[in-house]
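Beneath this line is the structure, given in structure tokens, with notes to follow.
The values are calculated or read from the model by the stated rules, or taken from the named source; none is laboratory data. Treat the numbers as computed from the prediction; the structure is a model and nothing was measured. A quick note on method: Cβ atoms are made from the backbone with ideal geometry, for glycine too, and the neighbour counts reach across all protein chains shown.
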Amino acid sequence: MIKLGMQVKGVKEIVSKFDFLGKELNTAARNAINDMAFMVRKKQMETVSSVFDRPKPQTVKNFFVRKATKENLEATFWFDQIYGKKYDQYILPQIEGGRRQMKRSEQRLGRFYVPGMGAKIDPYGNMQGGQITQILSYLRRFGDVAGYDMNRTTRSESRKSSKTKALEYFMVTNRRGGLKPGVYMRTEKRGGFTSTGLPRTSRKMAVGAFQAGKTVGKFHSVIRARGAIPVMVFAKKAPSYRPRFPFFEVANKLIDDNFFKLMDKEVAYAIQRMFR
């Protein structure tokens, strides 16, 4: 957290020299402090855009300024906490380095994860929230959320379209054959079936759907797509970051270079107001 105000080196000296301005001095100091705080905010937004790859608009803009008042000549600049996202918790490792905390979806799965081959990625390089919700619901990892059960029920299952019904996810917690720990989506198996005399699965076949196999009299066998694509790959340990967002360095340099210029300008305005 950065606080701009009377604790900034040299401000007290300025106040003592221009004490004759009285209330006008309070206004000058307050305006300079607030202008400085919003200048820092703008610079930090530019820094986020240059440091991170395709950051979300919320990440770029989510800085909070509590303005100085005539009763309290101090402005506070930090990360906003809107929507309960705890922005400072996931951005702090980028500033200080170290391990990041689990996302809510990771807490429900009990694992850290990275997107796999079958993950749907949004324009910002993150896994789409809709697919995450779909996976957690299918695996019954929501529990009772705010009094609303987001897990699947018999009734909700019956209302789904055949395409949605066909979608299947499963979780692997320990390595199983060639499958590493993660969440997988069943899909068409592109090889085989010919060795047994059965036809290949249709390429247009919905994921998890059924198709008639070899016919014998009135009966036929059934082929089901059994391939698997990784959607989430579980990490062995919490992701660790090196510091790459120079939050305090950027703010302190900007304050050192500009605060007293702003203060001088505001004091000059205050003197003009006194002699009008």
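Computed values, structure above
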quantity	calculated
Cβ-Cβ under 8 Å pairs, at least 6 apart or on other chains, the range 178-189 side surrounded by 15 or more Cβ atoms within 10 Å (Cβ to Cβ), far side polar (S, T, N, Q) and modelled with pLDDT of 80 or more	Pro181/Thr173; Pro181/Asn174
The one condition in (1) at pLDDT 70 or above; (2) surrounded by 12 or more Cβ atoms within 10 Å (Cβ to Cβ) that Glu71 fails to fulfil	(2)
Filtered residue count, the range 233-276, keeping only those that are closer than 22 Å to Thr59 by Cβ and β-branched (Val, Ile, Thr)	1
The range 109-135, residues that are of a type in the set (Phe, Trp, Tyr) and under 20 Å from Gln58 (Cβ atoms)	Tyr124
Count of residues meeting criterion [at pLDDT 90 or above and in a strand (DSSP E or B)] in the range 234-276	1
Qualifying positions in the range 105-143 - surrounded by fewer than 13 Cβ atoms within 10 Å (Cβ to Cβ) and under 16 Å from the mean Cα position of the chain (by Cα)	Gln107, Ile121, Pro123, Gly125, Gly129, Gly130
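To keep it simple, each residue is scored yes or no on (1) at pLDDT 90 or above; (2) assigned by TED's automatic domain parsing to the domain that holds Met263; (3) of a type in the set (Phe, Trp, Tyr).
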residue	(1), (2), (3)
Thr27	no, yes, no
Asn31	yes, yes, no
Phe38	yes, yes, yes
Lys42	yes, yes, no
Asp53	no, yes, no
Pro57	no, yes, no
Asp80	no, yes, no
